[in-house]
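The values are calculated or read from the model by the stated rules, or taken from the named source; none is laboratory data. Please read all numbers here as calculations on a predicted model, not as lab measurements. Positions of Cβ are backbone-derived with ideal geometry, glycine not excepted, and every protein chain shown enters the neighbour counts.
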């Protein structure tokens with residue numbers, strides 16, 4: 001399942017940005033982005049180069065972002081939702097169309113990705129692709145070797161097969177708190193179209209997830225990074241970027 005993120009202009013905050021004072025040191029752009037997406041040094045360099053301050057907040061789930069956006073008055077100028085969430089947020093009218101005349105680097109966008117993102121934002125009128133990646137499995141080689149007798153994982157079967165995942169329960173399994181990323185992989189594992197809308201297909205995926213649920217220690221969309229690096233868990237379902 002491909003995970004795509006976008007830079008967007010939020011209508012209300014966009015207008016606020018342009019009503020600020022004329023002095024560069026008084027200008028501020030408010031950004032709401034995924035954790036670990038931008039190094040703090042980049043923000044510092046941006047301010048040095050432009051004189052524009054950046055208020056930078058982070059989130060770790062699309063649901064949290066969407067709740068703030070749909071409540072109104074979020075105060076953010078730039079936000080970074082994932083593709084399928086982007087589509088319904090556009091329909092809800094929370095974004096302002098981009099003025100592409102002020103974005104000359106759009107000409108450098110990869111057309112292959114732009115064509116795919118247009119599925120969620122026809123004409124890419126509200127968004128620019130910022131990052132894309134995949135959902136995959138990360139694991140502690142030593143602990144997996146001890147639990148499974150192999151130091152190589154190359155299949156989703158180790159996660160969706162209850163008998164195999166049960167062997168990893170004690171060393172710890174973390175999973176993304178993101179149904180829109182986990183379910184398509186469950187569908188694919190079951191031989192079902194990842195973009196299915198069939199209730200019967202969702203019921204099959206639910207049955208599969210309930211079988212492996214007892215062996216999952218935690219659902220979280222950012223803690224798995226440090227947990228895996230520190231050796232606190234042996235398997236993580238996470239994003240590639």
* Read through the list (1) surrounded by 20 or more Cβ atoms within 10 Å (Cβ to Cβ); (2) out of contact with any strand residue (DSSP E or B) (no Cβ under 6 Å at 6 or more places or on another chain), then give the number of the only condition that residue 197 fails. => (1)
* Which condition does residue 58 not pass, out of (1) within 23 Å of residue 236 (Cα to Cα); (2) at pLDDT below 90; (3) surrounded by fewer than 18 Cβ atoms within 10 Å (Cβ to Cβ), if it passes all the others? -> (2)
* Asked: For the range 148-241, which fully contained helices (runs of 4 or more DSSP H) count at least 2 residues that are at pLDDT below 95?
  -> 179-189, 223-229
* Based on what the data block shows, is residue 145 farther than 20 Å from residue 185 by Cβ and buried (at least 18 other Cβ atoms within 10 Å of the Cβ)? -> no
* Residue tally, condition within 18 Å of the chain's Cα centre (by Cα) and at positive phi, over the range 32-89 -> 1
* Which of (1) in contact (Cβ under 8 Å) with a residue 24 or more places away in the chain; (2) more than 19 Å from residue 34 (Cβ to Cβ); (3) surrounded by 19 or more Cβ atoms within 10 Å (Cβ to Cβ); (4) under 24 Å from the mean Cα position of the chain (by Cα) does residue 188 not meet, given it meets every other one? -> (3)
* To do: Test each condition in (1) at pLDDT below 90; (2) over 30 Å from residue 157 (Cβ atoms) for residue 133 and report the one that comes out false.
  => (2)
* Asked: Which is touching a helix residue (DSSP H, G or I) at 6+ places or on another chain (Cβ under 6 Å), free of Cβ contacts under 8 Å to residues at least 60 places away in the same chain and surrounded by fewer than 16 Cβ atoms within 10 Å (Cβ to Cβ), of 164, 211?
  -> 211
* To do: Tally the residues that are surrounded by 12 or more Cβ atoms within 10 Å (Cβ to Cβ) and within 25 Å of residue 181 (Cβ to Cβ), restricting the search to the range 100-118.
  => 6
* Asked: Which one of the conditions (1) out of contact with any strand residue (DSSP E or B) (no Cβ under 8 Å at 6 or more places or on another chain); (2) part of a helix (DSSP H, G or I) does residue 69 fail to meet, given that it meets all the rest?
  -> (1)
